[in-house]
Each structure stands twice: as structure tokens, then as C-alpha cells.
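Every read-out reported here was derived from the displayed coordinates using simple, explicitly stated rules and does not represent laboratory data. All figures in this text were calculated on a predicted structure; none of them were measured in a lab. Here Cβ is always computed from backbone atoms with ideal geometry, including for glycine, and neighbour counts include all displayed protein chains.
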Amino acid sequence: MNNSIKTKTKKLFINGEWTEAFSGKTYDVLNPATNKVVATVAYGSTEETRLAIKAANDAFPKWAVLTAKERAVYLTKLYELMLKEKESLAKLITLEMGKPIKEARGEIELAAEYLLWNAEEGKRIYGESIPSSSPSKRLQVLKQPIGPVGAITPWNFPVSMLTRKLGPALAAGCTFVIKPASKTPSSAIRLFELIEQVKFPKGVLNLVIGSSKHIGNEMMENPAIKKITFTGSTAVGKKLIEESSQQVKKVSMELGGHAPFIVFEDANLEEAAEGVIISKYRNSGQTCICLNRLYVQKSVKDRFEILLTEKVNSLKIGDGIEESTEVGPLVDEEAIKKVEYQVEDALEKGGVLLTGGKRRNANELFFEPTLISNASPDMEISYEETFGPVAPIYTFESEEEVIEAANKTDYGLAAYFYTNDLGRSIRVAEKLEYGIVGVNDATPTVVQAPFGGVKQSGLGREGGHQGVEEYLETKYISIKF
Ligand code: ADP
């Protein structure tokens, strides 16, 4: 990795140029595993965002008019460069937000795939020809790029959330202004260094880092931005939806989740336990599709808890930069306080601690992988997103009962269940009120399938052909001759 990241101020990328914040302001990005400075980064605001939007708006007609194949060439080059630079990108992710390096490498592979898949999918943006009601009329439907896009992304998947938006937007013919999370700008900056090497036309891709409030406001208020795409918390998403109403801007929202994970008595318990480990402890539980509530059928509860506790106890906590680490730190003090509170609250309300339950050491951001049995709906952990390595375990007796419990939430992003009964797999999958359902599958995310939530988990989908649709407008043309 280039050591200069530790000393040189990292900048914004506007209209094909690297630039300081106009105020000269910078801030330090800290490594949650060591508390050391990873990078010093320019801290931009309204003016920089305005310029970036102008650049995207000026570039839009020229980018939109390229053929899909021409746009695909750029995206494919970026895909190839990302894979070549996998290690440097992955290390930056681990240094900035703590995830184990193996997971960071996996994130870069997936992130790159979003570019390749959308580059190809862009070639299949079809219109329609509608049967006419008159011999002298022709009715056509065109799909056109929506316009310059404002994107706001979170810190838990700093690179793949960016390319999951950038890929379909650019493939559809849109231009792009991105604000990454303030905690994880370095990996976005590294990606933009690769973007610079690909030589996208000036203004097609712009990076603004800094004040969430000011950058977000400018994206919302500037009429040149035609679409907002956001991944983050439901609270911020609601605010953005409200603000978007002023100009009726199109929005895609990928918000919070509260995933149920159901283990039926007929399941392969070994596979189900492995699924829990991946779903709950990957990224230290800091993903929006993470298991939040673990429902185990009463007849297999004791057996499953023993099996699972053994697996949880064998997880290796540590600095994500070490190859053998399986569970890294949480992202910051606020995150760990929330987890500590939820554990304390659960134990006060009758939860039984099977393992973990506390920080590894005081003054550190590592939290032990935790299992709490005898969980009940009145605990905060049962309805608030945890975003940490803690799984509450509930028991149930019947299929109907667990479906009702699983659906009892305002969220509707991902749900999982394990069973070997074919009929049950169909019944339960259809009744779960979630955008994504994993049946005997704890890792359903792939680039070619639609990802997104129902209820308060969001609007729109990312990935699949649905992901490209989000960046297109439908135009109906009636031709009389
Ligand atoms: P997370 O905790 O996953 O980062 P947030 O919703 O807090 O979720 O943040 C997601 C992204 O939204 C980040 O890039 C953050 O800086 C940005 N953000 C936070 N508050 C606002 C806001 N008021 N307006 C625009 N963007 C915001």
C-alpha cells in the first residue's frame, strides 16, 4: 500500500481535478482497531458540491449520448483496474472501518462485479412498441437516463455501496456526484484515483467529502440533480425523502433492517448454525441485512444453542488487518455504547447470556461475539437495529406463530429461514414481508439479483435489471402520420 496516505491530504475530485476544500479545512480519519490516524482528508461543503453538480450537469448530455457499448468500455476498464488494485483498496477499507481483511477483499470483488454486470446490462435497456388504436398512429416507449445523480453512501460497505450506485447510473447514461460516509473517505478516494486512470470524460464522476448536512442539502436543493440514491439509516432516509418532496426528486432508499433468522426443527442444524455465524458476525454485525432476531423451534432449541455457542466461542477477534481475524472492532464509541446498552437491557429483562456480553478490553472498540437466550419482544434488541455482534434467541412452537413474530416490525429488508421441508420453504418464503428472503442461504446478495426492502426499509432496488431501471425515465411517444 502507498504509505503516502498517512501524510498527504486527500482531496475532493471535481470535474476531473483534485481539489482542496475551499475553506482549507481537513479532518483525520481514525482506525477503529488502533485509534491511529489513517488519513487526513479535505472537508468540503456547499460550494464544492455546487461545483461538482455543475460539472455533472455539463457532462450529462455528452455522456448520455454515447452508445451503451461505449459507456461499457469505461466501466469494464474500471472493473479490471479495481481487481488489479484489490489489495490496496481492501487494506484501506480495513484500516478505515475495521472489517477483517478477507471480508474487505470479498467486498472489492463484489464491488467490481457491480461495474461489469451493469456495463453489460446497459446494453439491454429496451423500450417498447405498443399496439396502436389507429392505423395512422405509432405508440412508442423510450427509456432515457434520468439525469445527474446525487449519491450518499454509508461506512459499512464503503466501496461496494458506491459501485452498486455508480455502475447502473453510468451504464444508464447518468452522471454522478457522490458523498461517501465521513468515516470512510480513503477507499472512495482510492477508487477515484482509479477512475482518473480510466479517463472518464471530465465531470461524469465527482467526489465530494465533508459536511453531510451541507452536501446533502445542496444535492436536494440544486435543481440539476434529478435523482437521489441513498444507503444508510432509516432516520436519515426519512429526512431525505421529506426534503426530496420540494422538487419531487426521484429517490432510491436502501435503509435499515431487522432481519429474522428462523431455524425449524427439520433443518440441517449444522448448516443453520454456520448460517447464523455468517449472517450475524460478518462485519461484526454491522450490515443492514444482518440477523437481528434468531428464532429457534422449541424441540431443537437446546441442541442448537450448544452447537452455536461452540461456534461463536471459536471466532477470533482482533485487528482486521491480521489475516486470521474473523471479528474486527465496531466502528466507533457510539456504536459500541448502543450494543452495550442493548445487552444490558436484554439481561435485565430476563435474557440469559450464553457467551460474550462485553467489550474485550476497556477503551477499545472490540465487542465479544454474544449470544443471549430467552429473548422476548419487550427488549430493545427485539425492535431496534443492533449493528453489532449480538444475537438474541427466541423460541417458537408453530410455523404460523413464528411468521407472525418475524413480520412484527416496521422494517422489511432481509429474512432467513432454514428447513428441509419443501412445502414449508414455499409457504414461509411467500408469507415473510421482506424484500429479500434467504432459504437455507445466509448470503443471498449477488449483483444480478434485486436487493432492497419493503416497509420502512426503503424504496427501489439495487442490482439486477431492476437496479438499472432506477436510473431511467419512461417516455411515451405517440406519432400520428
Ligand atoms: P450510517 O450509520 O450507516 O452511516 P447514516 O444514515 O448516519 O448511516 O449515514 C449514511 C450516510 O448519510 C453517510 O454518508 C452520512 O454522512 C450521511 N448523512 C447523515 N446525515 C445526513 C443528512 N442529514 N443529510 C445528508 N446525508 C446525511
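Report, by residue number, each residue of the range 231-254 that is near the ligand (Cβ under 8 Å from one of its atoms) and either hydrophobic (A, V, I, L, M, F, W, C) or out of contact with any helix residue (DSSP H, G or I) (no Cβ under 7 Å at 6 or more places or on another chain) (or both).
Result: Gly232, Ser233, Ala235, Val236, Gly237, Lys239, Leu240.
I need the strands (runs of 3 or more DSSP E) fully contained in the range 242-316, keeping only those with at least 2 residues that are under 13 Å from Pro389 (Cα atoms).
Correct list: 291-297.
Taking the condition of being more than 30 Å from Asp266 (Cα to Cα) and among the hydroxyl-bearing types (Ser, Thr, Tyr), how many residues in the range 298-350 meet it?
Qualifying residue count for the region: 3.
Return the pair list, or none, for Cβ contacts closer than 7 Å from residues in the range 452-476 that are on the phi > 0 side of the Ramachandran plot and assigned to a loop (DSSP other than H, G, I, E, B) to residues that are crowded, with 19+ Cβ neighbours inside 10 Å and among the hydrophobic types (A, V, I, L, M, F, W, C), at least 6 apart or on different chains.
From residues that are on the phi > 0 side of the Ramachandran plot and assigned to a loop (DSSP other than H, G, I, E, B), the pairs are Gly460/Met253; Gly463/Val447; Gly463/Phe451.
Since Val198 meets every condition but one in (1) within 14 Å of the ligand (Cβ to nearest atom); (2) hydrophobic (A, V, I, L, M, F, W, C); (3) over 23 Å from Asn156 (Cβ atoms), which condition does it not meet?
Every condition holds for Val198 apart from (1).
Conditions first: (1) away from the ligand (no atom under 16 Å from the Cβ); (2) within 23 Å of Gly435 (Cα to Cα). Leu269 passes all but one, so which condition is the exception?
(2)
Which ones in the range 206-217 are farther than 18 Å from Cys174 by Cβ and more than 8 Å from the ligand (Cβ to nearest atom)?
Ile209, Gly210, Ser211, His214
Yes or no: Lys179 within 16 Å of the ligand (Cβ to nearest atom) and surrounded by fewer than 24 Cβ atoms within 10 Å (Cβ to Cβ)?
Criteria not met by Lys179.
Return only the number of the condition from (1) touching a Gly at 6+ places or on another chain (Cβ under 9 Å); (2) more than 11 Å from the ligand (Cβ to nearest atom); (3) within 20 Å of Asn57 (Cβ to Cβ) that Phe261 does not satisfy.
Tallying (1) touching a Gly at 6+ places or on another chain (Cβ under 9 Å); (2) more than 11 Å from the ligand (Cβ to nearest atom); (3) within 20 Å of Asn57 (Cβ to Cβ), Phe261 fails exactly one: (3).
For the range 367-440, please list each of the strands (runs of 3 or more DSSP E) lying entirely inside it that holds at least 2 residues being polar (S, T, N, Q) and within 28 Å of Gly356 (Cβ to Cβ).
Correct list: 370-373.
Mind checking whether some residue in the range 414-430 is within 19 Å of Asn156 (Cβ to Cβ) and surrounded by 23 or more Cβ atoms within 10 Å (Cβ to Cβ)?
Looking through the range 414-430, at least one residue is within 19 Å of Asn156 (Cβ to Cβ) and surrounded by 23 or more Cβ atoms within 10 Å (Cβ to Cβ).
If I ask for residues that are in contact with a strand residue (DSSP E or B) (Cβ under 6 Å, 6 or more places away or on another chain) and among the hydrophobic types (A, V, I, L, M, F, W, C), which ones from the range 395-441 would you list?
Phe396, Val402, Ala406, Ala414, Ala415, Phe417, Val428, Ala429, Leu432, Ile436, Val437
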